[in-house]
Amino acid sequence: MSVPLRSLFAPHGARRGATVLALAATVALVCAGCSADAGSSPAPGSPCRTSTPTSTDATPAAEAPPAALVRGDALLLGSIGNGSAEAAAVAAGVALAAREIDASPTGVLGGNLRVIGSATADAGSVLTQGATAVVGPSSPDTAAAVNQVTSAGAVFASATDTAIDRSAYTAPASAPSFVPSAALQASALAQQLTHGGASTVGVIAVDDAYGAAVSAAFTTALQAAGGTVSANALVRPSGSFAAAADAVGASAPDAVVVISHALDQAGLDSLLAAGRIAPASLHLLDQSAADYAGVAAGGALDCVAGVRAGVTADAQFLGQLAGIAPGLSSTRFAAEAHDAVIAIALAANAAGDPAGAAIAAQLPIVTNEGTRCTAYDECAQLQAAGVDIDFDGLTGPLSLSAAGVEQAGSAAAVLYGADGAPATIGTVFGSLTPAK
């Protein structure tokens, strides 16, 4: 038995409490040709998919962003990056959020938010210009830049960091992440698998600290949802998946989850060769749910599903993003960056102070229990009236803990095509222990 999740992923826009919603009818998927056991492959000539899924990644026509009001600067926010397509999307999300704040009658702290930097700026350059908050792509691999920001008294909000282990950060509470951690993604996938009828799941994990942490999080979430791990096989970093795939396939699970860093051609071949695991049974999680266009040969990943950070926002946001930053090659993480900036401004309002420490202290408050609001002007008007708010952004609930980690949130549900590229087909919602 295999349990494909193609009809269980929630369309983008699902909010708190959404667990299993049918994907829109426009996503016409027929995986009958793949409904084999985890250890078998589809019959020759029976394609996994008889029609192409409608991806939510397409960018609408450009729209003009809201016009900023003329006021003095009340909050200086740094935008940094490494010049990648991902960094460009983050910078565009920052710029659009700043425009929305500056178009609001309330502004932030009675003034405007001025963005310093760009997709190629470094932390030092924005700090020397007075930024008390910084937004950019980051991970524990770039902890030096994050620690440089927080040691200067500023808050660093990441739009890309999914790490579970945040021990590399000297002040993690001042380094919040506005994307679901790998643990939160694991929770979302476990819930979707069990709601879809999978009672046993095989796990293939890379044998390192990352694989151990994510595998443990997934196992805990799966057991809490009523499922069991039928087999847990480890793979050396950059090693062959053949033995692990054979071992997991032999346990006849309802579904198989791969927890690894991005795979290369050899890794993909060893995972899927000889019908070890049927594509419709396979689910890639977090880093393993990478873009394999040009890597996966011969349609090997066709009909494979995945869960990863970086949801696709609504058409209005994407249109305005195209208006403020035409020519973006990717919009992944733009919505997360946008939500980070809005939350920072709302936290500054709540604190009555643009200082980094004051903002960091208020972020868990403005993203948790209170009156729910979803747009900056709406939230700022509530704050002006003395109402406690719970900001849910373009990406859904944020629910930051005191340690700067999302306790509930949405991740992207993707489906791979014959070209090895992941198409976003909806969102999945996960939840950890509620923030205190």
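A few comments on the model shown:
- Here Ala313 meets the list (1) under 29 Å from Pro397 (Cα atoms); (2) at pLDDT 95 or above; (3) surrounded by fewer than 24 Cβ atoms within 10 Å (Cβ to Cβ) almost entirely, failing just condition (2).
- Taken over the range 157-178, the criterion of being under 16 Å from Ala345 (Cα atoms) and among the aromatic types (Phe, Trp, Tyr) is satisfied by Phe178 alone.
- Per the listing Arg166, Arg114, the residue uniquely in contact with a helix residue (DSSP H, G or I) (Cβ under 7 Å, 6 or more places away or on another chain), outside the structural domain of Ile277 (by TED's automatic domain parsing) and among the basic types (Lys, Arg) is Arg166.
- Count - residues of the range 189-222 that are surrounded by fewer than 17 Cβ atoms within 10 Å (Cβ to Cβ) and under 23 Å from the mean Cα position of the chain (by Cα): 6
- If the condition is being part of a loop (DSSP other than H, G, I, E, B) and either under 21 Å from Thr374 (Cα atoms) or not polar (S, T, N, Q) (or both), then the range 82-96 contributes only Gly83.
- Any hit, the range 275-289, residues being assigned to a helix (DSSP H, G or I), under 19 Å from Ala255 (Cα atoms) and under 12 Å from the mean Cα position of the chain (by Cα): yes
- Identity of the residue in the range 348-394, of a type in the set (D, E, K, R) and not in a helix (DSSP H, G or I), that ends up surrounded by the most Cβ atoms within 10 Å (Cβ to Cβ): Asp392
- Selection status of Ala159, within 22 Å of the chain's Cα centre (by Cα), surrounded by 20 or more Cβ atoms within 10 Å (Cβ to Cβ) and of a type in the set (A, V, I, L, M, F, W, C): yes
- Filtering the range 117-141 to residues that are under 17 Å from Asn82 (Cβ atoms) and surrounded by fewer than 19 Cβ atoms within 10 Å (Cβ to Cβ) leaves Ser118, Thr120, Asp122, Gly124, Ser125, Ser139, Pro140, Asp141.
- Taken residue by residue, the range 238-254 has no member that is within 25 Å of the chain's Cα centre (by Cα) and surrounded by 22 or more Cβ atoms within 10 Å (Cβ to Cβ).
- Test: residue in the range 320-338 that is more than 21 Å from Asp269 (Cβ to Cβ), of a type outside the set (Phe, Trp, Tyr), not assigned by TED's automatic domain parsing to the domain that holds Pro397 and not in a loop (DSSP other than H, G, I, E, B): no
- Candidate set from the range 291-304 (those that are at negative phi and touching a strand residue (DSSP E or B) at 6+ places or on another chain (Cβ under 8 Å)); member that is surrounded by the fewest Cβ atoms within 10 Å (Cβ to Cβ): Asp291
- The residues listed here are Val405, Val414, Val387; of these, the one that is in contact with a Ser or Thr (Cβ under 9 Å, 6 or more places away or on another chain), of a type in the set (A, V, I, L, M, F, W, C) and without any contact (Cβ under 8 Å) to a residue 40 or more places away in the chain is Val387.
- Residue that is nearest to Ala216 (Cα to Cα), among those in the range 228-263 that are part of a loop (DSSP other than H, G, I, E, B) and either touching a residue at least 40 places away in the same chain (Cβ under 8 Å) or of a type in the set (Lys, Arg) (or both): Ser260
- Pick from the range 67-94, criterion closer than 21 Å to Thr312 by Cβ and in contact with a Leu (Cβ under 9 Å, 6 or more places away or on another chain), ranking: surrounded by the fewest Cβ atoms within 10 Å (Cβ to Cβ): Ala85
- Hits in the range 395-436 (condition: of a type in the set (A, V, I, L, M), crowded, with 24+ Cβ neighbours inside 10 Å and touching an Asp or Glu at 6+ places or on another chain (Cβ under 8 Å)): Leu398, Leu400
The values are calculated or read from the model by the stated rules, or taken from the named source; none is laboratory data. Small disclaimer: the values here were computed from a predicted structure and weren't measured. A quick note on method: Cβ atoms are made from the backbone with ideal geometry, for glycine too, and the neighbour counts reach across all protein chains shown.
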